[in-house]
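The values are calculated or read from the model by the stated rules, or taken from the named source; none is laboratory data. Just so it is clear, the structure is predicted and the values come from calculations on it, not from any experiment. Virtual Cβ from ideal backbone geometry, glycine too; neighbours counted across all protein chains shown. The accessibility values were calculated without ligands, DNA or RNA, using every heavy atom of the protein model including side chains. Shrake-Rupley method; radii C 1.70, N 1.55, O 1.52, S 1.80 Å.
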Amino acid sequence: MSNTPAPKHVTYLAIGFPPAAKSCAYRMRETANQFVSEGWDVTVVTIADESWERDFGLDHTLSERVDPRVRIVKLPLVREDLETDIRRFSEDRALRPAQWATAYRKEGMKDFPEPIYGGWKADLEQAVERIHRDKPVDLVVATCVPYVNMAAALYLWETHQVPYAIDFRDGWSVDVIGGGEAFAPDSPSGLWERKVLSQALSLWLVNDPIAEWYRERHPDLAARIHVVRNGYDEDSVPLRTRTPDVAAGLTFGHLGVVTSPPRILKAVLDGWRIARERDPLVARSRLEIRGQIGSGAAREANAHMEMIRQAQARGEAVSFGGPAPKAEVPDIFASWDVLLLMIMGGKYMTSGKVYEYAATGLPVMSAHAVEHDATTVMTGHPLWTGAFGFDEEALAVAYSSAARIAVEASDEDRSAARRHAAQYARAAQLGPAIRRLIRQVDPRPEGYERSASAASGAHEVEDLSV
């Protein structure tokens with residue numbers, strides 16, 4: 001009889017797990033894979049693929065690097081407000097859409113103070129109960145959003161004393177876009193947040209300003225609060241970058257989800273137009289935008305797309321290339337000369353893409369607030385223009401500056417840029433946090449024999465939507 005201890009079991013509440021075409025999917029995938037590499041059995045709880053087709057869409061290349069030992073449970077939860085087939089509308093929604101939407105959001109708040117998603121509380125609790133019954137769970141990790149995931153983690157603690165950790169990422173009570181407080185401590189959301197965090201083993205945030213916000217809001221929990229940045233996947237970085245062709249002009253590129261206020265894209269396009277009028281090199285150049293433009297029914301049917309089409313009609317060398325499958329990201333970066341980093345928010349906001357941008361070895365032109373956490377990440381990067389906000393004149397100057405950097409950058413400059421970014425590799429960010437969390441719940445010494453589960457083949461998927 002073997003004396004090898006049975007693998008520990010973590011249930012990972014990760015709505016947005018691959019193949020969901022969301023930026024959070026990369027962090028979720030790495031988290032699940034890291035637990036497997038530490039010898040744990042991993043059960044991921046997410047929602048059905050059909051739900052993501054309504055929302056941000058699907059990218060099945062994201063699933064290719066999910067460890068095959070990860071078990072994935074897909075719940076039949078959907079956002080009814082994203083349904084576009086009017087044949088499926090209720091009479092009330094068809095006749096009074098605004099009133100229906102208000103009532104729908106209110107209904108979602110009955111069980112948990114989160115519009116729309118609060119109504120998923122009972123389903124998530126039932127799911128973790130069933131998973132625990134099938135194979136006892138040793139740890140729950142809940143990642144937000146939606147915040148209702150935390151209710152399911154708390155439920156398993158209260159019913160079975162299963163410890164849990166919260167990967168808050170951007171936080172809940174802090175307004176990462178506008179800055180300041182999102183809700184008061186004595187509000188329904190504030191009371192829920194306090195209740196959940198008070199029992200959590202660990203709380204992860206994506207940057208220092210958000211972590212400091214929570215340390216000040218919950219000083220008695222400060223020791224449990226840790227910064228775990230998003231980082232970049234090393235397979236997303238091109239092996240080499242191309243040599244700029246000054247005669248033919250450069251290619252500026254933006255890759256990422258565009259859901260920021262339209263005024264931000266307008267400033268970026270206006271700055272581009274001005275730069276082309278003043279700088280011959282920029283005038284010969286092109287601006288390509290790749291990624292998701294909006295979500296749900298408004299995906300690629302919104303003010304952002306209209307501005308891009310207008311710029312195209314004016315002959316301003318602006319193009320939109322559509323969503324970018326994860327597997328194509330290195331080749332996309334390798335086809336560009338300058339990266340345009342367009343992000344909303346301020347000091348509490350980072351960006352998933354800033355880490356990838358920094359690691360490519362390409363020049364990075366910032367289009368974001370000066371006081372922004374992306375500035376923290378990029379400070380010291382030898383091929384960065386600096387941040388100048390959204391003034392169109394300042395952006396025009398930044399385009400020209402980025403073009404000069406691209407032309408003048410040496411191989412050593414590009415290598416130095418990659419070295420600067422190496423500290424932000426996703427595995428380097430998540431690995432220590434996961435090992436620290438494991439030590440809190442698993443007293444077995446490091447180096448014990450790992451799980452003998454097969455390391456090849458397709459991962460197990462339990463689609464409960466069928």
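Okay, residues lined up against (1) touching a helix residue (DSSP H, G or I) at 6+ places or on another chain (Cβ under 6 Å); (2) at pLDDT below 95:
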{"residue": "ARG79", "(1), (2)": "no, yes"}
{"residue": "PRO97", "(1), (2)": "no, yes"}
{"residue": "PHE112", "(1), (2)": "yes, no"}
{"residue": "PRO115", "(1), (2)": "yes, yes"}
{"residue": "VAL137", "(1), (2)": "no, no"}
{"residue": "MET150", "(1), (2)": "yes, no"}
{"residue": "LEU154", "(1), (2)": "yes, no"}
{"residue": "TYR164", "(1), (2)": "yes, no"}
{"residue": "VAL176", "(1), (2)": "no, yes"}
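Checked against the criterion of being open to solvent by 10 Å² or more (accessible area, probe 1.4 Å), touching a Pro at 6+ places or on another chain (Cβ under 7 Å) and under 26 Å from SER366 (Cα atoms), the candidates VAL237, VAL227, VAL257 yield just one match: VAL237. Scanning the stretch 160-187 for residues that are without any contact (Cβ under 8 Å) to a residue 24 or more places away in the chain and open to solvent by less than 60 Å² (accessible area, probe 1.4 Å) yields GLY180, ALA182, PHE183, ALA184. Here ARG54 does not qualify as open to solvent by 40 Å² or more (accessible area, probe 1.4 Å), free of Cβ contacts under 8 Å to residues at least 24 places away in the same chain, farther than 24 Å from ASN33 by Cα and of a type in the set (Lys, Arg). Being in contact (Cβ under 8 Å) with a residue 24 or more places away in the chain, out of contact with any strand residue (DSSP E or B) (no Cβ under 9 Å at 6 or more places or on another chain), outside any helix (DSSP H, G or I) and of a type outside the set (Val, Ile, Thr) is a condition met by at least one residue of the stretch 59-72. Looking across the stretch 316-328, the residues that are of a type outside the set (Gly, Ala, Ser) and surrounded by fewer than 22 Cβ atoms within 10 Å (Cβ to Cβ) come down to GLU316, PHE320, PRO323, PRO325, GLU328. For the stretch 40-50, which residues satisfy the criterion of being without any contact (Cβ under 8 Å) to a residue 40 or more places away in the chain and of a type in the set (S, T, N, Q)? Answer for the stretch 40-50, where residues must be without any contact (Cβ under 8 Å) to a residue 40 or more places away in the chain and of a type in the set (S, T, N, Q): just THR46.
Tell me whether the stretch 408-421 contains one or more residues that are closer than 22 Å to TRP272 by Cα and either at pLDDT 95 or above or in a loop (DSSP other than H, G, I, E, B) (or both). Yes, the stretch 408-421 contains a residue that is closer than 22 Å to TRP272 by Cα and either at pLDDT 95 or above or in a loop (DSSP other than H, G, I, E, B) (or both). In this structure, is ALA311 touching a Lys or Arg at 6+ places or on another chain (Cβ under 9 Å), open to solvent by 10 Å² or more (accessible area, probe 1.4 Å) and touching a residue at least 12 places away in the same chain (Cβ under 8 Å)? No; evaluated as a whole, the condition is false for this residue. Return the total of residues in the stretch 74-131 being open to solvent by 40 Å² or more (accessible area, probe 1.4 Å), under 22 Å from the mean Cα position of the chain (by Cα) and within 20 Å of PHE17 (Cβ to Cβ). So the count comes out to 3. Residue pairs whose Cβ atoms lie under 6 Å apart, separated by 6 or more positions or on different chains, with the first residue in the stretch 25-39 and of a type in the set (Gly, Ala, Ser) and the second open to solvent by 10 Å² or more (accessible area, probe 1.4 Å), are GLY39/PRO7; GLY39/ARG450; GLY39/SER451.
Scanning the stretch 8-29 for residues that are open to solvent by 10 Å² or more (accessible area, probe 1.4 Å), modelled with pLDDT of 95 or more and either over 15 Å from the mean Cα position of the chain (by Cα) or among the polar types (S, T, N, Q) (or both) yields a count of 1. The one condition from (1) over 16 Å from the mean Cα position of the chain (by Cα); (2) of a type in the set (D, E, K, R); (3) modelled with pLDDT of 95 or more that ARG54 does not meet is (3).
Taken residue by residue, the stretch 332-354 has at least one member that is part of a loop (DSSP other than H, G, I, E, B), of a type in the set (S, T, N, Q), within 16 Å of VAL237 (Cα to Cα) and open to solvent by 20 Å² or more (accessible area, probe 1.4 Å).
Taken over the stretch 423-466, the residue count meeting the criterion of being in a helix (DSSP H, G or I), of a type in the set (A, V, I, L, M, F, W, C) and either at pLDDT 95 or above or open to solvent by 70 Å² or more (accessible area, probe 1.4 Å) (or both) is 5. Among residues that are surrounded by 15 or more Cβ atoms within 10 Å (Cβ to Cβ) and of a type in the set (D, E, K, R), ARG217 is included.
Only one of the numbered conditions (1) within 30 Å of VAL461 (Cβ to Cβ); (2) buried (at least 19 other Cβ atoms within 10 Å of the Cβ) is violated by TRP157, and that is (2).
The number of residues in the stretch 356-375 being within 21 Å of LEU287 (Cα to Cα) and part of a helix (DSSP H, G or I) comes to 4.
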